[in-house]
Amino acid sequence: MRCGAFGDMVLLTVLLAQLRARFGTPVDVIASGPWCEPLLGSHPALGRLLLVRSRRTPYWLSRDQRALVAALRARGAGPTWFCDRGEGRALLARAGIPDSYVCDSTQHPFLSGENFADRYLRLGAMTPAAFSGLLPAAAPGAERAAHLRVPPGAREELDAWLAGRAIAAPWMVFHPGSRHVARRRLRARSGAAKYWPEERWAEVVRAVRAHLPQHALVFSGTHAEASLNQEIMRRAGVTNVHNAAGDLPITRLLALLARAASLIAVDTGPAHAAAALGCPTVALFGHIDPWLYRPGGATTPAATVTGTVDGEPSILGIEPGKVIEAWLALTRGR
């Protein structure tokens, strides 16, 4: 069970792949958000996807919680990995899954120097108390990286979309926004977490254009991030740039990232997806630990960039030259 955000669910594939390898069968997943199906639906480690909209709504007022409990009871109890906050444990209990059947991640804090991928591998090697000595051990050598699959038909659909947009290969992607910026609405973007100034983005775009004169530059994001993209594009003043914010449903986004030459983004879900698809990814981090949340895990083709302001970690302390340097080092020879 993991009811996380976009990037959280990408990282969860590390655990899913290990459990599938350990038990020889796909893994049923409890999650939230209808976007989980297009994101994970093609992953070979995913069995049945069970969605619950909210874990905080009172149980008897929540139809989807009751439906989840009914589905779990019909499925039958078995070894369970709980990788969520505390509210979900009550739903497992209602479904008849005893505590002794559950490996609860909240009872196993991060070890020093461990990131999400490594922790998921450690959790996946554990055995719930009720099954001690009864389950196969985890095989050594599991990958310390998330992996995603592009859904069937998505590449063909992307080709049609690219033709309609007059975007030709090759391309690279920028993702400067995040949900923190999108939620500002009428408030200034500059107060949002993960905000990096438009002029700094524009400087990076100009440098990329100088190194990749033939590439299309595609800006991704949600509808609410379109104006941020447009302002960066205006300031950059380069040609062959495309604002695709609000026009990239998840299956199209995955197909776009899988074929992109690279991605430069803030620390956000699409950065994890790009890295998990093998796309060279540069991610700008603020106060979040860049090793703990490294895009796609420990061994993906990713670079993280950090900065400080007044001695404290801050995305506003990142200078454009540092991003350009990281991008050149990551993509050199590709």
A careful count of residues in the stretch 41-100 that are under 18 Å from Phe6 (Cα atoms) and polar (S, T, N, Q) gives 2
The number of residues in the stretch 302-334 that are touching a Gly at 6+ places or on another chain (Cβ under 8 Å) and either within 21 Å of Arg209 (Cα to Cα) or in a helix (DSSP H, G or I) (or both) is 7
Heads up, the helices (runs of 4 or more DSSP H) in the stretch 162-264 (entirely inside) with at least 1 residues that are at pLDDT 95 or above and on the phi < 0 side of the Ramachandran plot are 198-211, 226-236, 250-258
Taking first residues from the stretch 123-143 that are free of Cβ contacts under 8 Å to residues at least 60 places away in the same chain and assigned to a loop (DSSP other than H, G, I, E, B) and second residues anywhere that are surrounded by fewer than 16 Cβ atoms within 10 Å (Cβ to Cβ) and aliphatic (A, V, I, L, M), the pairs with Cβ under 7 Å that are 6 or more apart or on different chains are Thr127/Leu135
Original post:
Mind checking whether some residue in the stretch 44-63 is of a type in the set (Val, Ile, Thr) and within 21 Å of Ala138 (Cβ to Cβ)?
Top reply: no
In the stretch 245-282, anything among the small types (Gly, Ala, Ser), surrounded by 21 or more Cβ atoms within 10 Å (Cβ to Cβ), out of contact with any Asp or Glu (no Cβ under 6 Å at 6 or more places or on another chain) and farther than 18 Å from Gly41 by Cβ is listed as Ala260, Ser262, Ala265, Ala271, Ala274, Ala275
Checked Ala45, Ala125 against criteria (over 21 Å from the mean Cα position of the chain (by Cα) and either within 30 Å of Ala154 (Cβ to Cβ) or of a type in the set (Gly, Ala, Ser) (or both)); the one match is Ala125
inquiry  = Can you say whether Ala142 is at negative phi and surrounded by fewer than 18 Cβ atoms within 10 Å (Cβ to Cβ), as far as the supplied structure shows?
reply    = no
Going through the stretch 31-46 in order, the residues found to be of a type in the set (Gly, Ala, Ser) and surrounded by fewer than 16 Cβ atoms within 10 Å (Cβ to Cβ) are Gly33, Gly41
Taking first residues from the stretch 237-266 that are in contact (Cβ under 8 Å) with a residue 60 or more places away in the chain and closer than 18 Å to Ala146 by Cα and second residues anywhere that are part of a helix (DSSP H, G or I) and β-branched (Val, Ile, Thr), the pairs with Cβ under 9 Å that are 6 or more apart or on different chains are Ser262/Val208; Ser262/Thr331
query: Among the residues of the stretch 142-156, is there at least one that is modelled with pLDDT of 95 or more, over 15 Å from Gln18 (Cβ atoms) and acidic (Asp, Glu)?
result: yes
Checked the stretch 59-95 for anything at pLDDT 95 or above and assigned to a loop (DSSP other than H, G, I, E, B); matches are Gly76, Ala77, Gly78, Pro79, Cys83, Ala95
Looking across the stretch 54-65 at residues that are exposed (fewer than 15 other Cβ atoms within 10 Å of the Cβ) and among the basic types (Lys, Arg), the single one that is nearest to Thr25 (Cα to Cα) is Arg63
Does Ala273 meet the test of being within 18 Å of Thr331 (Cα to Cα) and in a helix (DSSP H, G or I)? yes
Of Ile97, Ile167, the only residue that is assigned by TED's automatic domain parsing to the domain that holds Gly24, buried (at least 16 other Cβ atoms within 10 Å of the Cβ) and farther than 21 Å from Arg294 by Cβ is Ile97
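The values are calculated or read from the model by the stated rules, or taken from the named source; none is laboratory data. Remember, predicted model here, so these are calculated numbers, not experimental data. FYI the Cβ positions are ideal-geometry reconstructions off the backbone, even for glycines, and counts take in every protein chain you see.
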